[in-house]
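Below: one structure, written as structure tokens.
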Amino acid sequence: MSTKRVVKIVLDTNVWVSALLWGGKPAEIIEAAEKGKLRIFISEEIATNISQVLAYPKIEKIYKTELRRQELIEQVLKTAKFVKATTKVEVVNEHPADNKFIECALAAKANYIVSGDNHLLNVVSYKEIQISSVSDFLELTG
């Protein structure tokens, strides 16, 4: 009897915001999670960061006529599973704030971090976690 392992991922803030506001390939990842094809994990620190980015005036201009910020946050919360990131790492030296994604992935025992951020993408992998772009991730998991 074979059991297919569900792919566990952590999305960078920029992937969440792109999916929520513009759709496209980032939204395909969210849709796959909603269909149970993969699981997205998030930490409190990432959720806070998403909320902060959605509050940027240049971002708010994009969605304020269609959706409220709270509705966008609720979409994140209903799609992702929370984990408590307890292990601190210093892996992304050029942008230490990005370590929160690796910390979340470690806590979730995630297979991938999906990002559009070169600071993270340049790390390539950490322990058992692969770090890939949206396009590469979609191609890998097809």
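Just so you know, all these numbers are worked out from the coordinates, no wet-lab data involved. From a predicted model like this one, the values you see are computed outputs, not experimental measurements.
Taking a cut-off of 27 Å between Cα atoms, list the lysines near residue 58, but don't count ones fewer than 8 places away on the same chain. Within the straight-line limit of under 27 Å, residue 58 reaches these lysines: 25, 78, 100.
Here the Karplus curve 6.51 cos²θ - 1.76 cosθ + 1.60, taken at θ = phi - 60°, turns the phi angles of the range 27-33 into couplings of 5, 4, 5, 4, 4, 4, 5 Hz, with x standing for Gly and Pro. The sum of -39500 (n - 2.57) across all DSSP H runs of n ≥ 4, divided by the residue count of the chain, sets its helix-only mean residue ellipticity at 222 nm to -14500 deg cm²/dmol.
Extent along the principal axes, Cα only, for the range 7-141: 43, 30, 25 Å, with the longest axis given first.
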